[in-house]
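The values are calculated or read from the model by the stated rules, or taken from the named source; none is laboratory data. From a predicted model like this one, the values you see are computed outputs, not experimental measurements. All Cβ positions, even for glycine, are placed from backbone atoms using ideal geometry, and neighbour counts span all protein chains on display.
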Amino acid sequence: MLSDDDLARLLEAARGAAARAYAPYSGFRVGAAVLSGRGEVFAGCNVENASYGLTICAERNAVFGLVASGEAPPTVLAVLIYTPTPTPTAPCGACRQVLNEFGPGCEVVSACDGPERLRTTLDRLLPDAFGPRNLA
Ligand code: THU
């Protein structure tokens, strides 16, 4: 269970990342922060491209930052997605799949500038997931 302290750390990191988003095409800024197995926080923002399909989401950038840090094994305990919007944003399908690789049971929190917050787990967002065990 995510502590209030870790939740606050994730929110601060995700908010900071959202401010650094590169989203000139959609104007939709997203910040994400993951809590690793060792208690570290890694943040990412969405990075768009003039070739639209090459855009990458904030959540995947956060996860890839954890992996690139060399923490072994890379494990996601929780992810927080922040959008400066009136309602919270759940992770897209592609990001759910990538989160499943490193945190199949992780907590997922979506926060925004309104009072509503989503709080769930990845296995609820991606039931019967295809993952590493299928290839073992
Ligand atoms: N986006 C994210 O960063 N995460 C999501 O889970 C959904 C969508 C980004 C991609 C794109 O830059 C913008 O939001 C609009 O789709």
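Numbers at a glance
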| item | result |
| --- | --- |
| Test result for A8, within 13 Å of the chain's Cα centre (by Cα) and either at pLDDT 95 or above or under 16 Å from T89 (Cβ atoms) (or both) | no |
| Residue that is buried (at least 23 other Cβ atoms within 10 Å of the Cβ), more than 10 Å from the ligand (Cβ to nearest atom) and in contact (Cβ under 8 Å) with a residue 40 or more places away in the chain, where the choices are A32, A14 | A14 |
| Counted residues, the stretch 72-95 - those being surrounded by fewer than 17 Cβ atoms within 10 Å (Cβ to Cβ) and either in a helix (DSSP H, G or I) or not polar (S, T, N, Q) (or both) | 8 |
| Residue check, E48 closer than 17 Å to C95 by Cα, more than 15 Å from the chain's Cα centre (by Cα) and surrounded by fewer than 24 Cβ atoms within 10 Å (Cβ to Cβ) | yes |
| Residue pairs meeting the criteria (Cβ under 6 Å; at least 6 apart or on separate chains; first within 10 Å of the ligand (Cβ to nearest atom), in the stretch 45-62; second assigned to a helix (DSSP H, G or I) and modelled with pLDDT of 95 or more) | C45/A17; C45/A58; N46/A58; C57/C95; E59/C95; R60/C95; R60/V98 |
| Pair list, Cβ under 9 Å, 6 or more apart: the stretch 78-103 residue over 18 Å from G37 (Cα atoms) and touching a residue at least 12 places away in the same chain (Cβ under 8 Å), other residue within 11 Å of the ligand (Cβ to nearest atom) and of a type in the set (F, W, Y) | T83/F28; T85/F28; P88/Y82; T89/F28; T89/Y82 |
